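Enquirer: I have a structure here, written as structure tokens, and I will follow up with some questions on it.
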Amino acid sequence: MEKQICAFCGRWYDIEAMISLHEDGKTFVLYYCEGCFPAVKSNVASLPYSHLFKWVKEGSHNDK
Ligand SMILES: [Zn+2]
């Protein structure tokens with residue numbers, strides 16, 4: 001299974017268990033683990049340009 005490093009805590013997790021942060025108009029994507037996601041989300045929500053960010057739960061499209 002593919003792994004990604006959490007951009008917040010620096011630990012590696014299975015990508016299926018992570019939430020990715022896409023910024024509008026940019027090609028890079030940041031990944032966060034579920035433990036860090038609430039803190040990161042509230043940080044991003046306080047930004048004046050928070051509407052440019054989109055969160056994607058990586059494993060959600062595989063939920064069956
Ligand atoms: Zn983390």
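Enquirer: Taking the condition of being within 14 Å of the ligand (Cβ to nearest atom), of a type in the set (Asp, Glu) and part of a helix (DSSP H, G or I), how many residues in the range 1-57 meet it?
Expert: 0
Enquirer: Sort through 52, 47 and tell me the only one that's out of contact with any Pro (no Cβ under 8 Å at 6 or more places or on another chain) and surrounded by 13 or more Cβ atoms within 10 Å (Cβ to Cβ).
Expert: Only one candidate qualifies: 52.
All of the numbers you see were taken from the coordinates with simple rules; none came from a lab. Small disclaimer: the values here were computed from a predicted structure and weren't measured. When we count neighbours, we look across all protein chains shown, and the Cβ atoms used for this are built from the backbone with ideal geometry, even at glycine.
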